[in-house]
Every structure is written in structure tokens, then in C-alpha cells.
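K.L.:
Here it is: the structure, laid out below.
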Amino acid sequence: MSDTSAGTKPSFRGEATVELVKHSAGDSDVLWAARVSIAGEQSLEEITKDPERSKGLINYLMRDRHGSPFEHNSMTFFITAPIFVFREFMRHRVGWCLAGDTGITLESESGAPRVRTIAELYRLWHLEAEDRLPHSAGGVTWHSGAGQWTARVHTGDQEHYLGLFANREAADSAVAEFRELHPGARLRNLESVRSGHVRCYDEDTLTAGRARITDVIASGVKPLIKIVTESGRELRSTGDHAVLTSEGWRKAGELTVGDAVMTDAPTAPTSQDTVPPSLSRGLGVWTAMRRERLIRENDSCHLCGAGFPRSELALDHVIPVAEDPTRALDESNLAPVCEECQTRRSTEARTRARHTGAQAVALPDPVVSITDDGEETTYDLSVEGPWHNFLGNGIVVHNSYNEESGRYRESQPVFYIPGEDRKLVQQGRPGKYEFVAGTEAQQQITERAMQDSYLRAYEAYQEMLEAGVAREVARAVLPVGLFSSMYATCNARSLMHFLGLRTQHEQAKVPSFPQREIEMVGERMEEHWAKLMPLTHAAFNANGRVAP
């Protein structure tokens, strides 16, 4: 193949490069963060004057998994590597982007949105969280014989009878008071958070979709800026966090007043929308108080017509409240309903609301002010593609993983060819395999096949560009062996997690089987880090290379 039209001759390389471009990282950061909680703010000289004590404290923090002191630092690497390495690297994106109180829009499969702060997501993702339900059963039931409400609580093998009450509120209060005096909350890992999805946006059509969360990352204390939009949206983030604007992705720190950021603009709810939870709970209490009077001892379900005893019936709004709120407190609009019909009707109402609503879209919202906003612990999300974005306080933001973009610049013909020290042959089954050196013939066919494939692909890429095809379309023919570059920013805790999974080491408690190419990137990052934080690096190795 001839040289490219731009005069650039294809070249081949066997190794990635890693450059530490800036940092604020040292063992003193860990010591300062750890000791401030027990001794208050101290001078750097005071903290570091006893090396053995410092070494012991860092080792203790690492051994007992006290992770937060390792987050108060930062390192930014400039990495040049084959694209397939970055596809592995994306699983470990580590950014420091958003303030902890940033609301993240989660979206269930049914399309119902919910907002949690990113700090809360981090806690629920990584730590066990206290369940909202007490470790007890029982509650309030209606005693038809006595005509009053019964309150009882079961804890373990014991039943606690709390008495009869004239109204539901008094019975509920008795149960709540008992549970407060006899706490037994259980701990659990919230699987619903681990399998959660965020609302994201198609960057071509700007319509809303769902993306699975793959990680929630704490990124240490960072300086923040606050962006306020015309509609009143506020985003507090670091300056290098990517924000979607009407002209594409921009760093938050590059925005100026008047720039339009993309914000969520859900359509107005239809008449079929569901009743707000607070109103629904209030109506539930109101109808329950009329149950005894309006349902006969043996009555019929107004939907299916079947007969049931009063204990198996509830009161239902014949004309749903969502259709006519003025009938919500109209007793003539109440009729008995069985449990099966009530469940089916509720499900149909939610489905109808979902399908009659229009799809949410992202719309431009001009920025009216940008100000510095102090420093605090920051967080980021990693979400699945193809659109790696999510909503932070209603503004479309991106993971802080910035790779060279083939949409905006022509990709240069530098391709990966394994060096002679790259072992080519895999032996054994997954999880138990090892790599061994290939033969000379295998090395030759690998080099020849890769070079031929690369040259044909790049020639097709150039033909498409010369014909006027957009770069973002033409890049689809390029191979994953093409070299690209990116900035990756992380703190020591995030880097330790990455190294534990993507490097092999004789001191590792948990064996890892990384692809060699990403392992080489990890090794070079570790070399830089070990010079910056030697005590932390030594404690990491001494404790089995497990991130705290």
C-alpha cells in the first residue's frame, strides 16, 4: 500500500507508553487524612517526623481496609496504547467529577425515574447499608369482632401484643414506638443498586434511554465549580468533567456564560399518570377507616363479582383517582374489591401511564453563571455504552475518561504488533490458564496477518475520507490494534483496585489473569506511583495487593 493521502506512512509498535503529566500525591496525604480525625489539623513536619510511626499507620489502614485516607490525592497519566487496551481500561474509569450531593436520575425497566445522590449511590454500591425494614414482622390489623385495630410485633420467636386501638393512627404509633425502643435492623447489600440503571441520552437523537451502572467511584477531595443554568439547574463538578452542550462535549471549566448545556426535559404527565405516593398513602388510610362500615361481612368484588368475607376485601375507587381527583374523598365512589383484582388494576394503571407518556428528550439550557465553589469529596459513575453519559442534577454529563476521539480528528496509522517477548499461546482453561512463548512460525504469521489487515483497513478508511465520508462514520473500519491516547486520572485507592485486577504479582492474595497489553500499562503506572508514595506502595504489596 502507498503512503496515505496526508503523507503519513503507517508504522508499527509493540509497547504502550505511560507518562505522569501532573500529580498531587504523597504518603503525607494519607497520614494527614488519617490523623486529622483523632488529632486535628497538624503541620506536615509534625505528621512526618516519625517515619516508623507513619509506616505503621499506613500499614494499619491498608490491613484493616480503611480506604478513605487513600483518596485524598490525584495522579493524571497520559497513556498511548492500542484501542483494545482502552476497552479494558474503560471498566476501571476513575474520575473525580461531581459533588456528593449531585442527584443522579435512576430509571427502572418500567421507565419510572428516581433520584439518589451520587454519594448515597457510592455508599450503597460499596458498603453494606441498613435495611429500611426492621428485623421484625407483624404490624396493624383490623379486629372485626372488637371493631378496633390490633397492634402486634413479632421479633424472633416472640410475639408482642400491644393492644387494641380505636383508630389506625394510634395503632401505627404504638408499633413504631415499640420498634424504636427495640431496634433490630438488619444489614444487607442492596442488590437493586448493583443492578441499577441511569437515564442516559442518545447523543444523535437526544432521546432518553437506560444504561447500566458498572461502578461508582469516590475520587478524593477536589476543587469544584458551580454552573447555574437559566432554568435553575445547578451542577457542582470539577473543571475537567465533561458536559454535553448544544455543540458537543465540553469540559465544565471551559464553559462560559451563554453556552447552552443539555438538560433533561421530560414531557408533561398525561391524565393517565399514577397518583403521587404521598396522596396514595393518605387515601389508603382514609379508605381503610371506612372499610368496616362500607363492606358487608360477606360481600362481592365490584370487578369480578365473586363473593368473599370482609377480611379478604378492600375498598377501591370505582373511578380511579388519577382520572378524576375530585372523586377521591367521595364515599359513593368506593366499592369492595378482592386482592387479585386490586393488584391487576394497579398494574394496568401503571402500564397505561407508561405507554401514554411521550419520550423524554434533552434540550439546551443556557448557562447564566459559573463560580468557584470550594473543595470537597467528589464521585463519578461508570456506565455501559453505547452512550457513556448520565444525568447529574438534570444536566447530561459524561464519565471522566477522555480518549482521543475519531469523530473530530483523523486517526493516525500507528498499529500494534506484539513484540518477541509477548507470549502468544494460551494453555489451560479459563481461570487456570497460562501463556507460553510461540514458535518462530507463529510469530511470523502473527506479524504478517496483523500488518496486512491493518494496511487494508487503513486504506479503506482513507478512501472513505477522500470521498467525503464523515470521520465518525469512516472510523468504523479501523481495527482495535490502532494506537490511541487518553488522559486517565485516579487516586491511590482507585489505582490499587486497578492494579489488583490488571497485574500479576507474586505477593497478590487473589490471582489475576490480565491481558498482557493492559498489564504493561498497569506496570508503568505502578512505577510512577511507587516513587510518589513509597510507604503506601509497600503496604499495598505487604497486604496482598488488595485495595482498601
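The values are calculated or read from the model by the stated rules, or taken from the named source; none is laboratory data. This one's a predicted model, so the numbers in the text were calculated from it and none came from an experiment. Counting neighbours? That spans all protein chains shown, and the Cβs are built from the backbone with ideal geometry, glycine included.
K.L.:
Inside region 23-54, can you point out the residues that are small (G, A, S) and at pLDDT 55 or above?
P.N.:
Hits for region 23-54 are S24, A25, G26, S28, A33, A34, S54.
K.L.:
Got a number for residues in region 333-392 being more than 18 Å from G100 (Cα to Cα) and either at pLDDT below 80 or not in a strand (DSSP E or B) (or both)?
P.N.:
29
K.L.:
On the given criteria, is V198 modelled with pLDDT of 75 or more, buried (at least 16 other Cβ atoms within 10 Å of the Cβ), of a type in the set (V, I, T) and not assigned by TED's automatic domain parsing to the domain that holds I104?
P.N.:
Considered against the rule, which asks whether it is modelled with pLDDT of 75 or more, buried (at least 16 other Cβ atoms within 10 Å of the Cβ), of a type in the set (V, I, T) and not assigned by TED's automatic domain parsing to the domain that holds I104, V198 comes out as no.
K.L.:
Within the group A476, A488, which residue is of a type in the set (A, V, I, L, M, F, W, C) and more than 25 Å from N543 (Cβ to Cβ)?
P.N.:
On inspection, the qualifying residue turns out to be A476.
K.L.:
Related question: Between a residue in region 159-173 that is buried (at least 16 other Cβ atoms within 10 Å of the Cβ) and any residue that is assigned to a loop (DSSP other than H, G, I, E, B), which pairs come within a Cβ distance under 7 Å, given they are 6 or more apart or on different chains?
P.N.:
Going by the 7 Å Cβ cut-off, the qualifying pairs are R168/M289.
K.L.:
Examine region 69-86 for a residue that is of a type in the set (F, W, Y), at pLDDT below 85 and within 16 Å of D215 (Cα to Cα), and state whether such a residue exists.
P.N.:
No, because not a single residue in region 69-86 is of a type in the set (F, W, Y), at pLDDT below 85 and within 16 Å of D215 (Cα to Cα).
K.L.:
Return yes when G468 is over 30 Å from N541 (Cβ atoms) and either in contact with a strand residue (DSSP E or B) (Cβ under 7 Å, 6 or more places away or on another chain) or modelled with pLDDT of 85 or more (or both) and no when it is not.
P.N.:
In short, yes.
K.L.:
If you take the residues of region 217-239 that are buried (at least 23 other Cβ atoms within 10 Å of the Cβ) and of a type in the set (V, I, T), which of them is farthest from E120 (Cα to Cα)?
P.N.:
Among those residues, the one meeting the criterion is I227.
K.L.:
Another question, then. Taking the options L106, L20, name whichever one is assigned to a strand (DSSP E or B), touching a Gly at 6+ places or on another chain (Cβ under 6 Å) and either modelled with pLDDT of 80 or more or surrounded by fewer than 17 Cβ atoms within 10 Å (Cβ to Cβ) (or both).
P.N.:
The unique qualifying residue is L106.
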